[in-house]
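This report concerns only the one structure given below.
The values are calculated or read from the model by the stated rules, or taken from the named source; none is laboratory data. Owing to the predicted nature of the structure, the values given are computational and were not obtained by experimental measurement. Quick reminder, even Gly has a Cβ in these numbers, built from the backbone with ideal geometry, and neighbours come from all protein chains shown.
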C-alpha cells in the first residue's frame, strides 16, 4: 500500500463517514428506516461479494469466522446504523441523536483499557473530554433554538441509545474478534445478516414503500459506496492496526464536518459558539492521535 495513502486513511475515513448524516437527511423522506437500510445493506453485500470474486479474495469462511462476523454485525450494523435511522425516523432530531452517539469514543476508550489492555494517557483523556465538549458546543445552539421538542417518541430515544450501545460494543468486538475476517466477503456477510433481520422488521412494522427518484438513487449509491463500503472498510483496517480508543476518537471530527456539509447542502447556520466547538473537537482529537499509531509502516 502506498505510504501517502496509508497516512491519509484517518482523514479519508472521517470525510466519508461524515457524509452519512447528509445522506440520511436526503433519503429518509423517501422511505421508512428499516426498509431503507434493508435495501442499502442488500446492495452493499452484493457489491462487496462481486468485488471479492473479481479480486479473488477467499470467500469461504470457517464456522468460527461466520459466527463472529454475524455477532459483530448485530451491534456494528444492525444496532448502530439501525438505531440512528430509527431514532431520526421517529422524530428525534439529528442533533440530539448525535449528542447521544457522541458519547461513544469516551466509553470505548474506557472499556478498551480492561478489555483490550490498551493504555490511556492523561493527554488522551483530556483530548477525549475536549472532543466531547466541542461536539456539545457545536450542537448546543441548535438545541437552544428549537431543535428539541417534546414531540419525539420514547421509542425514538430508545433507538438512539441502542445506536450508542451498538457502536460501543461493535467497535470493541470488531477489535477483539474481527481481525482475521476477510475484508470484502466478511463485510458482505455482515451486511447480509443485518439486512435479513432489517427486511423482516420492515415487512412486519413498515409499509415497505420507497419513493423513487433520480436523486434518491444517486444518494443511495453514494451511501452504499462511500459509507457502507468505503468508510466501514477503512474503520476495520484502522481497528486492525490501531487502538480502539484512538480510532473511535476520530468520530468526534465527523460531527463538525457533518455540520459543515449541512451548511453547504442545506444552508444550516453555524454560529460562533459552534465554530468554537469545532475547533475544540479538532484539538481534542489531535491530543488523542498525536501519540497513537493507526497505520503501520509495514503491513
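Values computed for the structure shown
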| quantity | calculated |
| --- | --- |
| From the options 9, 51, 43, 59, residue that is in a loop (DSSP other than H, G, I, E, B), in contact (Cβ under 8 Å) with a residue 40 or more places away in the chain and in contact with a helix residue (DSSP H, G or I) (Cβ under 7 Å, 6 or more places away or on another chain) | 59 |
| Count of residues meeting criterion [surrounded by 21 or more Cβ atoms within 10 Å (Cβ to Cβ) and modelled with pLDDT under 95] in the range 188-219 | 0 |
| Tally, over the range 211-243, of residues that are outside any helix (DSSP H, G or I) and under 13 Å from residue 183 (Cβ atoms) | 0 |
| Residue 132 modelled with pLDDT under 80 and more than 21 Å from the chain's Cα centre (by Cα) | no |
| Selection from the range 62-77 of residues that are more than 17 Å from residue 195 (Cα to Cα) and either touching a strand residue (DSSP E or B) at 6+ places or on another chain (Cβ under 7 Å) or assigned to a helix (DSSP H, G or I) (or both) | 63, 64, 65 |
| Sole residue being surrounded by fewer than 18 Cβ atoms within 10 Å (Cβ to Cβ), modelled with pLDDT under 75 and over 24 Å from residue 171 (Cβ atoms), chosen from 274, 267 | 267 |
